[in-house]
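Structure, as structure tokens:
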Amino acid sequence: MPTVTLHGARLEVRPTPVERVLGLVRALDAPLAAISSASLLTSWHVARGLRVGAAVPWLWLAGTWYSPGRRQLVLLRRGVPALRLLLHGQRYDEVVVSTTDAESLLARLRAGELDGPRRRLVSVASPTPVVPGPYDGEVS
């Protein structure tokens, strides 16, 4: 299971050696100012797109998921709470990571109880609904 830590004004995600090799991922070190949203993950269905990495269905996911305009770092393990972070200006647009202390990390991020600059985050409970445009739907 990866190690997720908050050091000063930085977030560090360190995959295990197995996750690094099989998932073809490396450690992530991002400033807290780059985190635009944080929430607890309720479903594995957020990992969408083309996968570069490894997976054991319903047990373990590790790798990078690519979809148009989006790049996800996914390190998930069954039965372990997961944290979902939306980033901007970083190597990944989204980080989805299982960690035993997901709730406490989320509480610290929301409360701004961190060293360095204070930043309050707003959780994204569900994705923004898609409103059909004039060209969406069936074509006659």
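Every number in this text was worked out from the coordinates using simple rules, so none of it is lab data. What you see is a predicted model, and the numbers here were worked out from it, not measured in a lab. Note that we place each Cβ from the backbone using ideal geometry, even for glycine, and neighbour counts take in every protein chain shown.
Quick check: from the Cα gyration tensor, does segment 40-101 come out rounded (a/c under 1.5), prolate or oblate? Oblate is the answer for segment 40-101, as a/c is 1.5 or above yet b/c matches or exceeds a/b. The calculated FRET efficiency for the pair V56 and S36, based on their C-beta separation and a Förster distance of 25 Å, comes to about 0.20.
Order these peptides, 90-103, 24-37, by their mean beta-carbon neighbour count within 10 angstrom, highest first.
Packing proxy ranking, top to bottom: 90-103, 24-37.
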